Structure formats: structure tokens, C-alpha cells
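Enquirer: Here's a structure for you.
Laboratory data are not the source of any read-out in this text; all were calculated from the coordinates shown. Worth saying up front: this structure is predicted, and the values here are computed from it rather than measured. Ideal geometry is used to build each Cβ from the backbone, glycine not excepted, and the neighbour counts take in all protein chains shown.
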Amino acid sequence: MDEQNFSVLELERHETKDVSDSHKNGELTVIWRNWDNMIKNPEMVYVNTVFPGEIKGPHIHKNRTSYFYCIEGEMLIVVQEKDKKYHEIRVNSEESKLVTVSNGIPAAIVNPSNKVSKILVLADISWKPDDNEMNNVKFEDYNFDKWKF
């Protein structure tokens with residue numbers, strides 16, 4: 001993985017086949033393997049549900065790098081670089097993409113659709129209640145209203 005503040009990686013997607021007659025019965029998408037070196041030692045895995053039109057964040061993780069995979073619906077990750085430039089990374093559950101946001105970089109998750117979105121999140125540091133690892137921030141000059149219905 002490149003040394004940058006965020007990235008979007010194409011993931012491996014494989015057809016699966018029925019054991020009796022070999023017809024295609026689905027797909028398998030590889031999110032993490034201990035030998036891939038895409039994610040360094042994940043300590044936490046969870047599903048983040050975002051209601052239609054809602055925004056989670058923006059906030060900044062002081063120490064934790066997070067990896068996002070959309071398993072249902074759509075997600076838009078808004079990342080603010082250190083130079084204050086914004087990046088909008090839009091992914092839906094039909095795509096095999098993993099979005100990485102490095103520690104120290106503010107980001108928000110937006111559900112730009114009218115259906116519930118579910119996002120699988122892997123993190124290299126586990127969250128603990130009251131650990132003060134996250135700070136809420138404001139994207140003063142970003143227009144979140146463009147994602148409202």
C-alpha cells in the first residue's frame with residue numbers, strides 16, 4: 001500500500017460454484033489475509049450502519065487507521081487532507097473496493113442513498129470506551145447539504 005493519507009484498493013473477487021453441477025452460486029471477496037500486507041494487524045472488526053442521508057463524523061482518529069468496505073448500499077467517505085483539500089470517495093456494495101483512511105486524517109462517512117448502508121470496518125487499533133482516541137472536527141467549508149434529500 002502506498003504511504004499516503006487515504007487509498008482505494010481493488011480487492012480480489014472470485015466466483016463460487018455449486019458442488020453438484022458447477023453453476024455459479026455467488027462470489028467471494030477477499031477483504032483481509034494475514035499475508036497480503038494491505039492491512040497491518042487488524043485488532044478490531046465491526047459493521048457500521050448509516051441511515052439514509054445521514055452523516056457520521058467528521059472526526060479524526062489520533063492513532064487508528066481504518067479500512068472501509070461497503071457490504072450493503074452506498075457509502076461516501078469525505079477525507080480532508082493536511083492541505084485542507086477534500087476528497088470524495090464514493091463506493092457501493094457492488095464494487096470490490098477497500099477505502100483506507102490513515103490515522104491523523106479527518107474523515108466523514110455519508111450515506112448518499114435512500115436505503116440503509118452497512119459498512120464493514122477493520123481497524124489496526126481497537127476502540128475502547130473513554131480512550132479519547134477520537135476527536136470530532138468540523139469541515140467548515142464543505143457542503144454536506146448536497147447529500148441531503
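Enquirer: Mind checking segment 48-106 for trypsin sites (Lys or Arg not before Pro) that DSSP puts in a loop (not H, G, I, E or B) and that have at most 11 other Cβ atoms within 10 Å?
Expert: Details: sites: K56, K62, R64, K82, K84, K85, R90, K97; in loops: K62, R64, K82, K84, K85.
Filter output for segment 48-106: K82, K84, K85.
Enquirer: Another question, if that's okay. Positive end of the dipole of the chain, charges at C-beta (+1 Lys, Arg; -1 Asp, Glu), about the Cα centre: which of N132, L28, S96 has its Cα farthest in that direction?
Expert: Positive-end residue among those listed: N132.
Enquirer: Net charge near W127, counting Lys/Arg +1 and Asp/Glu -1 over other residues with Cβ under 13 Å of its Cβ? Kindly include the intermediate steps, with their values, before the conclusion.
Expert: Numbers: positive: K62, R64, K128; negative: E43, D124, D130, D131, E133.
Result for the neighbourhood of W127: -2.
Enquirer: Expressed as a rounded percentage, what relative contact order does the chain have, with Cα pairs under 8 Å and six or more residues apart? Could the numbers behind the result be given before it?
Expert: Numbers: 327 pairs, mean separation 48.4, N = 149.
Normalised by residue count, the contact order of the chain is 32 percent.
Enquirer: Filter the GluC sites (Glu not before Pro) in segment 1-108 to those in DSSP coil with at most 16 other Cβ atoms within 10 Å of their Cβ, and list the result. Can you show the working numbers first?
Expert: On the way: sites: E3, E10, E12, E15, E27, E43, E54, E72, E74, E81, E88, E94, E95; in loops: E3, E12, E43, E54, E81, E94, E95.
Those satisfying the criteria are E3, E12, E43, E54, E81, E94, E95.
Enquirer: How large is ³J(HN,Hα), in whole Hz, for each residue of segment 133-146 in order, when computed from phi with the Karplus curve 6.51 cos²θ - 1.76 cosθ + 1.60 and θ = phi - 60°, using x for Gly and Pro?
Expert: My calculation for segment 133-146 gives 7, 10, 10, 6, 9, 10, 9, 3, 9, 9, 9, 5, 4, 5 Hz in order.
Enquirer: Follow-up question, since we're still on this one. Given the C-alpha centroids of segment 68-126 and segment 1-60, what is the distance between them in whole angstrom?
Expert: The two parts, judged by their Cα centres, are 11 Å apart.
Enquirer: Could you work out which residue, out of V50, V110, V30, moves most in a Gaussian network model of the chain, that is, has the largest mean-square fluctuation with Cα springs under 10 Å?
Expert: Highest fluctuation among the options: V30.
Enquirer: About the Cα centre of segment 38-149, what is the dipole size in debye to 20, counting +1 per Lys and Arg Cβ and -1 per Asp and Glu Cβ, all else neutral? Numbers along the way, then the final one.
Expert: Numbers: 15 positive and 16 negative charges, 15 e Å.
In debye, rounded to 20, segment 38-149 gives about 80.
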